[in-house]
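The values are calculated or read from the model by the stated rules, or taken from the named source; none is laboratory data. Bear in mind that the values here come from a model prediction, so they are computed numbers and not experimental data. For neighbour counting, all protein chains shown are included, and Cβ atoms are generated from backbone atoms with ideal geometry for every residue, glycine included. To get the accessible areas, we keep the full protein, side chains included, count just its heavy atoms, and leave off ligands, DNA and RNA. Shrake-Rupley method; radii C 1.70, N 1.55, O 1.52, S 1.80 Å.
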Amino acid sequence: VLQNLSQTPVLRELLKEAKMPSTTVKIESPELCMLCCFSFKQEPQLIKLDQPGPLTLAMHQFVTEMQETKKGVVTPKELFAQVCKKAIRFKGYQQQDSHELLRYLLDGMRAEE
């Protein structure tokens, strides 16, 4: 799940911009426009972001480390610690479903907005 998220260009860009406090991001979705009627033009969304929370910052750090080509093994210790604070069920290293991690991670970052 984390490797897939680290390869999502829109998420990487949003995390990079979200790291800076009080920034406004512009989200355009050309994929949605292609699915809609061709005469309908979807306007981009402007979203003002507050100071990023600890989970968002940990996700940014992890994605940045994943993108560094010189780095060998990347360990998501800080990201995992932040996820465990939001979802206590992940403490203790029991096996969990990847879709549950994805849901708690994205929901946790959204709650920090």
With every protein chain present, what accessible area does K16 have (1.4 Å probe, heavy atoms only), rounded to the nearest 10 Å²?
110 Å²
Let me make sure I get this right: for the range 51-111, a, b and c are the square roots of the gyration tensor eigenvalues over alpha carbons, sorted descending. Under 1.5 in a/c it's rounded, otherwise prolate if a/b > b/c, else oblate. Which is it?
oblate
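What do you reckon, how do M109, M59, M66 stack up by accessible area (1.4 Å probe), largest on top? Display every interim value, and only then the final one.
Numbers: M109 20, M59 0, M66 55 Å².
My answer, sorted largest first, is M66, M109, M59.
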Separation between the T8 and R89 pseudo-spin-labels, each 7 Å from Cα along Cα→Cβ, expressed in nm?
1.9 nm
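Order R110, R12, R103, most accessible first, counting only protein heavy atoms with a 1.4 angstrom probe. Let's see the in-between values first.
Details: R110 145, R12 65, R103 120 Å².
Largest accessible area first, the list is R110, R103, R12.
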Would you please name the chymotrypsin sites (Phe, Trp or Tyr not before Pro) within the range 63-113 that are DSSP coil residues with at most 13 other C-beta atoms within 10 Å of their C-beta?
Y93
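In this model, which of K70/K91; K48/K86; K16/K91 are farther than 26 Å apart at the alpha-carbon?
Values: K70/K91 31 Å; K48/K86 23 Å; K16/K91 28 Å.
Where the Cα-Cα span goes over 26 Å, the pairs concerned are K70/K91; K16/K91.
Give me the extension gain from M66 to A111: residue separation times 0.36 nm, minus the current Cα-Cα distance, reported in nm with one decimal.
On the way: separation 45, 0.36 × 45 = 16.20 nm, distance 2.40 nm.
The M66-A111 span can extend by a further 13.8 nm.
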How far apart, in nanometres, would the label points at L102 and Q51 be if each is projected 7 angstrom from Cα along the Cα-to-Cβ direction?
3.3 nm
